[in-house]
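The values are calculated or read from the model by the stated rules, or taken from the named source; none is laboratory data. Computed from a prediction, not measured in an experiment: that's the story for all the values here. Note: ideal-geometry Cβ built from the backbone for every residue, glycine included; neighbour counts use all protein chains shown.
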Amino acid sequence: MRILAILAAVLLLANAARADEIAQESRGAYNVRIGDCASCHTAPGHKPFAGGLAINAPFGTIYSTNITPDKEYGIGAYSLDDFTRAVRQGIAKDGQHLYPAMPYPSFAGASDEDISALYDYFMHEVTPVHEKPPETKLVFPFNQRWGLWFWNLFFLGNERFEPRKDHDANWNRGAYLTQTLGHCGACHTPRGLAYQEKGSPDSSVFLSGATLDHWHATDLRGDPASGLGRWSDEDIAEFLKTGHGAGGAVFGSMTQVIENSTQHLRDGDRQALARYLKSLTASGKEASYAPGGAEASGNERPGAGYYASACSSCHQLNGAGKPPKFPMLVGNPAVLSQDPTSLIRIVLQGGRGAETQGGPLPEKMPGFQKKLTDQEIADVVTFIRRSWGNHAQAVTAREVKALREAVTQ
């Protein structure tokens, strides 16, 4: 009992220290947390915000820029107006257009005060790094950046976020964070042929899920199967804080977002985000979940044997998992997603949970790309997507083969 009391006291002190740290952050530093600038502008093994991270876009590999206040390779020579134009319009100081992998269409709606705070942070609180990132060299016609003038003309809005009078301050704060600095739509909203987000915040397509860089960012709307329809506000807020919620766990590129951004937000902002997301209606997906109506999951079904031998020790024979250590598969939105890309990739390559302050220790899942054939992985994934009340589309060996080849190039 004494040990438990000591551990509880240590945890309380750690949480208090973290709360004090957040309170002392400048507005700009906190906005950088919200915008998760570090995840894209800090390459592994390099100094913060020095750029050089390879970003795999559908039209080629883009390298992130140096946004430290270095005057030669960074943004040290930028005025506030230069910075604002880059962040809101995607145009660098020299007039060069930035690719929309930089989420400037979302940042366009941010307030003048928040943009100014970001500028002050990068100019006065970030250490200059005299380092030139690799140059982005795309094939024709994507290397013709002048064409982005037309892209901006058609797809870039310049309206600032306007609070809605039919909602309270908490909802509006969540909407602001989601639609502007948090740029959630950049990953979770489907893209069109021109790489534009297909749905505005007032559309049922907004945040309905999208596939980027061979990961499927899940549906954040109210669908009861593949979305957040069965999650509570508390589930969402806890997920943003620890990477665990409603029996699920973070995976893929969202792991960095939890680690570098959302775990560091104020509790009120995480609750505001949850409040806003829970207000979004379902977009209408094909998958469904019917608890208690599970198909037989015996060894006679393809994939059942592999699941029992390789997966059940962590995720249980009934798919219930051991949350928060091992996520549940039954009723899991990522499992029930119309696009099975993420589930296939996790089985192929494995993954890890988020490392957060106050959250459970991150677990690693092994990959099976060297142990199972394309058909065997397709059988396992299909078994998971169609057992214990899960009713999602089957996965084919062709889908597994295509993804295997894409992620191992």
Mind checking whether some residue in segment 130-146 is surrounded by fewer than 20 Cβ atoms within 10 Å (Cβ to Cβ) and in a helix (DSSP H, G or I)?
yes
Where Val126 falls short, out of the listed (1) in contact with a Pro (Cβ under 8 Å, 6 or more places away or on another chain); (2) buried (at least 20 other Cβ atoms within 10 Å of the Cβ); (3) assigned to a helix (DSSP H, G or I):
(3)
Going by the conditions given, is Ser106 in a helix (DSSP H, G or I) and within 25 Å of the chain's Cα centre (by Cα)?
yes
Hits in segment 370-380 (condition: over 13 Å from Cys311 (Cβ atoms) and either part of a loop (DSSP other than H, G, I, E, B) or not assigned by TED's automatic domain parsing to the domain that holds Leu403 (or both)):
Lys370, Thr373
Residues in segment 162-186 that are within 16 Å of Ser203 (Cβ to Cβ) and not charged (D, E, K, R) total 6
Considering every residue within segment 360-369, establish whether at least one is over 20 Å from Ser208 (Cβ atoms), in contact with a strand residue (DSSP E or B) (Cβ under 8 Å, 6 or more places away or on another chain), in the same structural domain as Thr255 (by TED's automatic domain parsing) and among the charged types (D, E, K, R).
yes
Criterion first (farther than 26 Å from Thr242 by Cβ, of a type in the set (S, T, N, Q) and touching a residue at least 60 places away in the same chain (Cβ under 8 Å)) does Gln338 satisfy it?
yes
Please work out which one of (1) surrounded by 19 or more Cβ atoms within 10 Å (Cβ to Cβ); (2) part of a helix (DSSP H, G or I); (3) not polar (S, T, N, Q) is the condition Ala354 fails and give its number.
(2)
Inside segment 44-59, can you point out the residues that are of a type in the set (A, V, I, L, M, F, W, C) and surrounded by fewer than 21 Cβ atoms within 10 Å (Cβ to Cβ)?
Leu53, Ala54, Ile55, Ala57, Phe59
Give the residue that is surrounded by the fewest Cβ atoms within 10 Å (Cβ to Cβ), with candidates limited to residues of segment 172-218 that are touching a residue at least 12 places away in the same chain (Cβ under 8 Å) and of a type in the set (Lys, Arg).
Arg191
Pairs, first under 12 Å from Tyr73 (Cα atoms) in segment 124-135, second of a type in the set (A, V, I, L, M, F, W, C), C-beta under 8 Å, six or more apart
Val129/Phe49; Val129/Ala50; Glu131/Ala50; Pro133/Ala43; Pro133/Ala50; Pro134/Ala54
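Table: residues versus (1) closer than 19 Å to Glu259 by Cβ; (2) buried (at least 16 other Cβ atoms within 10 Å of the Cβ).
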| site | (1), (2) |
| --- | --- |
| Ser26 | no, no |
| Thr42 | yes, yes |
| Thr61 | no, no |
| Thr68 | no, yes |
| Ile75 | no, yes |
| Tyr78 | no, yes |
| Tyr104 | no, yes |
Please state which of the following conditions Gly182 fails to meet, knowing it meets all the rest: (1) modelled with pLDDT of 95 or more; (2) within 20 Å of Gln338 (Cα to Cα).
(2)
Could you please find all residues in segment 380-396 being touching a residue at least 24 places away in the same chain (Cβ under 8 Å) and either surrounded by fewer than 17 Cβ atoms within 10 Å (Cβ to Cβ) or touching a helix residue (DSSP H, G or I) at 6+ places or on another chain (Cβ under 7 Å) (or both)?
Val380, Val381, Phe383, Ile384, Arg385, Asn390, Ala392, Gln393, Val395
What pairs can you find where one residue is in segment 28-42 and in the same structural domain as Pro133 (by TED's automatic domain parsing), the other is among the polar types (S, T, N, Q) and outside any loop (DSSP other than H, G, I, E, B), and their Cβ atoms are less than 6 Å apart, with a gap of 6+ or different chains?
Asp36/Asn260; Ala38/Asn260; Ser39/Gln256; Ser39/Asn260
